[in-house]
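Reading through the structure tokens given below for one structure.
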Amino acid sequence: MTITIALNTDNINNLDLSPVVTVIEKFLQEGTIKSYEQQLSFELNYPLEQGDPRELSEIPEVRLWFIRLDARYPWLPFLLNWKAGEFVRYAAMLVPHQFNPHEGIQYNPEALEIFLMHKLFILTDWLQQQGLPSKSRLKSMAQLLGYELDDALFEAFGNS
């Protein structure tokens with residue numbers, strides 16, 4: 001069951017997280033957060049002026065809203081619908097990149113590595129708190145960004 005959260009210009013311009021907070025806090029209070037793995041999508045209604053060639057991930061106000069969201073729920077990638085491209089779009093909101101009409105998103109490589117490692121650390125701890133295995137989930141997440149993770153990395157995580 002995919003859950004789509006609609007965001008509009010007012011939500012974004014006012015850094016209003018309430019559409020997301022309402023949904024996620026309900027999951028947390030009910031103790032059902034685990035059952036919504038990879039079920040969350042966003043519908044962004046943020047019209048651009050005619051002739052504006054930018055992608056939404058290139059709009060500072062949209063990016064700032066996602067930075068605020070990430071600060072509130074740093075483990076949000078667990079909920080995002082990866083198959084629908086939500087995780088990659090989420091990364092684009094948080095990681096500096098260029099958009100090439102022929103090759104798509106081209107991330108700043110160092111920034112992408114920092115983002116990925118940050119998410120790996122957060123999600124490893126969060127998944128462990130939820131009693132969920134993390135290794136295969138995190139390897140799959142990294143693959144979406146073009147990375148193959150070595151098992152030795154997860155052994156190092158276990159030493160914290």
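The values are calculated or read from the model by the stated rules, or taken from the named source; none is laboratory data. These numbers were taken from a predicted model, which means no experiment stands behind them. Neighbour counts run over all protein chains shown; Cβ positions are idealised from the backbone, glycine included. Side chains are part of the model used for accessible areas, which takes the heavy atoms of the whole protein and leaves out ligands, DNA and RNA. Shrake-Rupley method; radii C 1.70, N 1.55, O 1.52, S 1.80 Å.
Numbers at a glance
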item	result
Residue within the stretch 64-80 that is surrounded by fewer than 17 Cβ atoms within 10 Å (Cβ to Cβ), more than 17 Å from the chain's Cα centre (by Cα) and of a type in the set (Gly, Ala, Ser) present	no
Counted residues, the stretch 97-129 - those being farther than 22 Å from residue 149 by Cα and part of a loop (DSSP other than H, G, I, E, B)	3
Set 4, 9: member being within 30 Å of residue 133 (Cβ to Cβ) and not basic (Lys, Arg)	4
Considering residues of the stretch 109-125 that are farther than 13 Å from residue 157 by Cα and among the charged types (D, E, K, R) only, the residue least open to solvent (accessible area, probe 1.4 Å)	113
Filtered residue count, the stretch 1-27, keeping only those that are in a helix (DSSP H, G or I) and open to solvent by 70 Å² or more (accessible area, probe 1.4 Å)	4
Where residue 99 falls short, out of the listed (1) modelled with pLDDT of 95 or more; (2) of a type in the set (Phe, Trp, Tyr); (3) closer than 26 Å to residue 139 by Cα	(1)
Residues satisfying the stated conditions in the stretch 32-60, i.e. open to solvent by 50 Å² or more (accessible area, probe 1.4 Å), closer than 15 Å to residue 79 by Cβ and without any contact (Cβ under 8 Å) to a residue 24 or more places away in the chain	35
All positions within the stretch 46-89 that are small (Gly, Ala, Ser), assigned to a loop (DSSP other than H, G, I, E, B) and either closer than 17 Å to residue 145 by Cβ or touching a helix residue (DSSP H, G or I) at 6+ places or on another chain (Cβ under 6 Å) (or both)	85
Count - residues of the stretch 28-44 that are within 18 Å of residue 87 (Cα to Cα), outside any loop (DSSP other than H, G, I, E, B) and among the polar types (S, T, N, Q)	2
Positions within the stretch 114-146 being touching a helix residue (DSSP H, G or I) at 6+ places or on another chain (Cβ under 6 Å) and hydroxyl-bearing (Ser, Thr, Tyr), in sequence order	124, 134
